[in-house]
Amino acid sequence: MLFRSGFLVTVATACLLACFGCSSAKPAPATPLDATRPQSASVVAAPGANATALASAADRPEHALAKVPVSSADPQWGDVDAPVTVVQFSDFQCPFCSRVLATLEQLKQKYGPTRLRLVFKHNPLPFHAAARPAAEAAAAVYMLAGNDAFFAFHDRAFANQQRLTPENLDSWAKAAGVQIPALHAWLESGKASAKIDEDMQLARTIGATGTPGFRINGVTLSGAQPLESFVAIIDEQLAAAEQLTQSGTPPRLVYVSLTNKNTVVEPPPAPPQPEPEDTQVWNVPIAADDPQRGPRDALVTVVQFSDYQCPFCKRVEDTLREVRQFYGDDLRIVWKDNPLPFHPRALPAAQLARLIYQKRGNDAFWQAHDALFDSQPALEDSDLERIAKQLGLPAKGLPAGGAADKLRARIEQSVEQATDFEARGTPHFFINGRRLSGAQPLDAFKKLIDEELAKARALVTSGTPRAKVYAELVEHGKGPPPPESKHIALRPGAASRGKANAPVVIQMFSDYQCPFCKRVEPTLDTLEKDFKGSVRIVWRHLPLPFHKNAQAAAEASEEVLAQKGPAAFWHYHDLLLEAQADPGLERATLEALADKLGLDMARFKAALDGRVHQAKVDADAEAASRAGINGTPAFVINDYYLSGAQPVAAFRKLVKLALKTSAKP
């Protein structure tokens, strides 16, 4: 969420964002390179590979001496003497690395190879099981066949991020022009592995611990940042490079000079202090149709929020198996779905498991559960059909249409519970109401279970029936916090869509230049479909002061509303968000988009010049300020408040609550 006070809260999730965009590489060589015996550690350029780029990189040994060293051992795009070099530390299994590809492609198109060089370095994160093998295969492809082959492999790997199997790695290497015996021989030689270790050590040395991580002439940029964040640093470095060359620095020394000046190596962080033990008990309800493993009168109940596509959830299953074997009938595990939005195959997998639960019962559900985790990361439709067939459910019985909607609704209830109880990320556990987050080791589970088992046995000794132990232990536990409330009156004439008498009104305080405001738009579209006829969206302006074009864009949209009405306003709104990063919301863009909609351009320009709609925009911003809303996007759903580009489950929960309260007399 972006704040008016002038700082940017970056989105941090499991991994950060980045990696090269879709490569403009030439087709792979027609004849695969055959090198079953690696002869040297040097890069071998295959026929058709970018031999010029490789040679020019080798001609700049000075770059290997910079604080962020670059050499011919690194895959590269752009001229070796480009004034700005973006070094990227990336992970083939990191979803944020794949998401930033389009941004990097935009940078290539904007600056071209004479002004910008992109350099790829590997940093496979330890909790991404498939990332290291993919990195080694990619490094071997580069060593054997050069830049073009590397980027051909790179593009396929990121396009199939959930299917980084050994068979696919071989197939992609072959398609890039490397014969399989050559690939395997090179991998066995250890040279590719050594390159990965070297890149990872460099990442640790300069503090690039997450992915994607960037060093732009040594300037740090972390995560899958929007285009404008890259552009601001690159433009600054272009100016600095020009000053250097004008003062006599040879172009070949610009990278070293600027990188050594800009690179700041942070001291290693102090060892983390142990956090105080969390003794809070949460009253997590268990529904009659929650799948369960173990007797219902077990003394310890482990409620598990999980995701079939999450590698950590898969990893912890072995630990849970040991726990079940160790504690026997004293333990039960209760499954609750929490498919994360950036795992596209998690929801279909959850729907299949839930369908099997409905049709075949609890035992069949756990068979499906085990089969889905065994299949991960292969969870495409064909994989789900195979699992369904194995469990005696015909493929044609997979959920579709209204049946799928019902299954999805049940899963959404579970996701809403995860939000209620602050179960952020997966896997997440509550052990007799005590929180345990992540794929913890066996000892962490046993410590908590032993503590709760002692309490439970004491209750039984004092006369509490085993079947009532869980309810007794969590009865006075903490429940979900009530939603935050804000009351903001509607501004007459504000643009809206949806029925005028809809029971739920969502006032969206937004900024056309805010990337998070753009990101949340598909979520609003989903809400309108899910609650058709019950939701009305009202646009309220909150242009943030550090977005220089946001105020003018807001006033321009009001002029479109004045001339053409709500339908044209929302069309213009969509065009503004599409133009947010490229070409940007400069005055020329505002006019071009308005002209595209057939506005009276003389009147449009006069309205912007005369600040005709400034008062409306300022009134919205003032209303937000009085209510304590300082960032975008922000939402007032009837009188319930939600801040930021939240997942759709958070919106659904408040819309349902608003519908319920609006129905009361």
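No lab work stands behind these numbers, since they all come straight from the coordinates. Remember, it's a predicted structure, so these values are computed and weren't measured experimentally. Every residue, glycine among them, receives a Cβ derived from its backbone with ideal geometry; neighbour counts consider all protein chains shown.
Summary table
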{"read-out": "Exposure proxy order (Cβ contacts within 10 Å, fewest to most) of Arg354, Arg252", "value": "Arg252, Arg354"}
{"read-out": "Debye log10 I(q)/I(0) at q = 0.24, 0.25 Å⁻¹ for segment 306-389, Cα point scatterers", "value": "-1.24, -1.31"}
{"read-out": "Residues of type aspartates and glutamates that Lys486 reaches as a straight line, Cα spacing below 18 Å, ignoring anything fewer than 8 places off in the same chain", "value": "Asp620, Glu622, Asp639"}
{"read-out": "Mean Cβ neighbour count within 10 Å, used as a protection proxy, ranking 543-552, 120-129, 277-286, 205-214 highest first", "value": "205-214, 120-129, 543-552, 277-286"}
{"read-out": "Average projected area [Cα convex hull, the chain], square nanometres", "value": "35.1 nm²"}
{"read-out": "Inter-label distance, nm, simple model (7 Å from Cα along the C-beta direction), Asn362/Asp329", "value": "1.4 nm"}
{"read-out": "Sequence of Leu442, Leu379 once ranked by neighbouring C-beta atoms within 10 Å, starting from the fewest", "value": "Leu442, Leu379"}
{"read-out": "Tail weight of P(r) past 16 Å, computed on alpha-carbon pairs of segment 573-665, percent", "value": "70 percent"}
{"read-out": "For His428, distant residues with modelled amide H under 5 Å away", "value": "Phe305, Gly438"}
{"read-out": "Computed Kirkwood radius, in angstrom, where 1/r is averaged over Cα pairs of segment 419-544", "value": "19.3 Å"}
{"read-out": "Cross-link pairs Lys529/Lys660; Lys518/Lys596; Lys532/Lys605; Lys564/Lys616 - those with Cα-Cα distance over 29 Å", "value": "Lys532/Lys605"}
{"read-out": "Under the Karplus curve 6.51 cos²θ - 1.76 cosθ + 1.60, θ = phi - 60°, whole-Hz ³J(HN,Hα) for segment 344-352, x wherever Gly or Pro sits", "value": "x, 9, 5, 5, x, 5, 5, 5, 4"}
{"read-out": "Sequence of Leu202, Leu118 once ranked by neighbouring C-beta atoms within 10 Å, starting from the fewest", "value": "Leu202, Leu118"}
{"read-out": "Three principal axis lengths of segment 496-662 [C-alpha, angstrom, descending]", "value": "48, 29, 28"}
{"read-out": "Candidate lysines for bridging to Lys359, where Cα separation is under 17 Å - those fewer than 8 sequence places away on the same chain excluded", "value": "Lys389, Lys396, Lys406"}
{"read-out": "Against the rule of thumb 2.2 N^0.38 Å, how large the Cα Rg of segment 292-474 comes out", "value": "1.06"}
